[in-house]
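Asker: Once you've had a glance at the structure underneath, I'll fire off some questions.
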C-alpha cells in the first residue's frame, strides 16, 4: 500500500506568495495611513512591538482586514486569558529565528560548560507560528481594545515640527533642489525636492526617509551591497525593497507612510521579480530595513543630543 505524501509547511513560501498576490493587484497596502487602537505598530500580547518582517506582515494584514486593535496573540495565549478565537477566523503566520550550538560529534554543546569553540558549529533556524488579532477573539479584557487617537491635521506643504527635527539631526547631507529625489553615492548626498512641492507634507518625509535609507548602504555606514546596481536589474530591485521597508518602519515611529515620487508598473514589477525568484528575500531585506531604520534613529538621537549639549 503506497504511503500518502504530506507536504511540509514552508512559511517562507506561504508568506512570499501572499505578498506576491497582493502586489499583483497593483496595491501596496502598507502605504495606507493607519493606526489601530492608537498604535502604528502591531503589538504582541504583552505590548511589545513586532520588529522586522513580522512588523511588516502584521501591518499589512491589519490594514487589509481593517482590525481596530494592534494586539496579536497565539491560540494558547488567548486561552490563557479565558478568551476564545471565534470559529472560522483565519490565523496569520509569523516567524522567529533562533540558533543552536553543537559540537563536531553532533551533541548539544550548551550543557557541558567546556570551551569547544573550534569544534562547535552554529545552526541557525527559522520557525513559524500562528497568531490572531484581538478583533478575532471573544472575551478579551478591554485593555486589548484601546481607544483610537484622533488623526492629526497638518497644513499642506509646511514642515511638521517633530518630523523635521528628526531628519535635520541626521548627519547625512541633503540638498533641496529640482523635482527628483535620489541618493548620489559618489558625493554621498541625498537630493530632494522642496517640501513646497508636496501637498501632503507626510509624503515629503516618506520620500526623504526612502532616500536616506539608500544612503545607509554606504561602506562607512551599514556597508550593504547587492552587487552592481543598474536601473531595473535585480540588485537595484533589492535595494529598492530595503528602502521601501525602511520608510515603512521609520514612518511608524514618526507618523508618515512610505512614499516615493512614482509608483508605477515598473516599480511593482521590481518587487515581483525579486519575490518570485527568492522566497527568502522579504525576510532578509526586512532585516536590512530594520537595521537601516535603527541606524537613522540612532544618528538622529546623536545629532539632537549634540545640539542640546552645544546650546547648554
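The values are calculated or read from the model by the stated rules, or taken from the named source; none is laboratory data. Source: prediction; values computed, not measured. With ideal geometry, Cβ positions are generated from the backbone for all residues, glycine too; neighbour counts draw on all protein chains shown.
Asker: Would you confirm whether or not region 259-270 contains a residue that is under 23 Å from residue 193 (Cβ atoms), assigned to a helix (DSSP H, G or I), at pLDDT 90 or above and touching a helix residue (DSSP H, G or I) at 6+ places or on another chain (Cβ under 7 Å)?
Answerer: Within region 259-270, none of the residues are under 23 Å from residue 193 (Cβ atoms), assigned to a helix (DSSP H, G or I), at pLDDT 90 or above and touching a helix residue (DSSP H, G or I) at 6+ places or on another chain (Cβ under 7 Å).
Asker: Output the number of the condition that residue 19 fails; it satisfies all remaining conditions of (1) in a loop (DSSP other than H, G, I, E, B); (2) at pLDDT 90 or above.
Answerer: So the condition that residue 19 fails would be (1).
Asker: If you don't mind, there's one more thing I want to ask. Could you tell me which residue of region 28-38 is modelled with the highest pLDDT, considering only residues that are touching a helix residue (DSSP H, G or I) at 6+ places or on another chain (Cβ under 9 Å) and either over 15 Å from residue 149 (Cα atoms) or part of a loop (DSSP other than H, G, I, E, B) (or both)?
Answerer: 37
Residue-by-condition table, conditions (1) touching a strand residue (DSSP E or B) at 6+ places or on another chain (Cβ under 8 Å); (2) within 30 Å of residue 34 (Cα to Cα); (3) modelled with pLDDT of 95 or more; (4) not in a strand (DSSP E or B):
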residue	(1), (2), (3), (4)
113	no, no, no, yes
123	yes, no, no, no
126	yes, yes, no, no
129	yes, yes, no, no
135	no, yes, yes, yes
143	no, yes, yes, yes
153	no, yes, no, yes
158	no, yes, yes, yes
170	no, yes, yes, yes
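Asker: Scan 256, 226 and give me the residue that is touching a helix residue (DSSP H, G or I) at 6+ places or on another chain (Cβ under 7 Å), surrounded by fewer than 21 Cβ atoms within 10 Å (Cβ to Cβ), outside any helix (DSSP H, G or I) and not assigned by TED's automatic domain parsing to the domain that holds residue 51.
Answerer: Answer to the selection: 226.
Asker: Here are some residues: 206, 178. Which one is out of contact with any strand residue (DSSP E or B) (no Cβ under 6 Å at 6 or more places or on another chain), closer than 21 Å to residue 42 by Cα and surrounded by 11 or more Cβ atoms within 10 Å (Cβ to Cβ)?
Answerer: Testing whether each residue is out of contact with any strand residue (DSSP E or B) (no Cβ under 6 Å at 6 or more places or on another chain), closer than 21 Å to residue 42 by Cα and surrounded by 11 or more Cβ atoms within 10 Å (Cβ to Cβ) leaves just 206.
Asker: I'm trying to understand the selection: among the residues of region 39-75, which are surrounded by fewer than 20 Cβ atoms within 10 Å (Cβ to Cβ) and part of a helix (DSSP H, G or I)?
Answerer: Matches in region 39-75: 63, 64, 65, 75.
Asker: Right, here's the next one. Is it the case, given these coordinates, that residue 24 is surrounded by fewer than 17 Cβ atoms within 10 Å (Cβ to Cβ), within 30 Å of residue 202 (Cβ to Cβ) and modelled with pLDDT of 95 or more?
Answerer: No, not satisfied.
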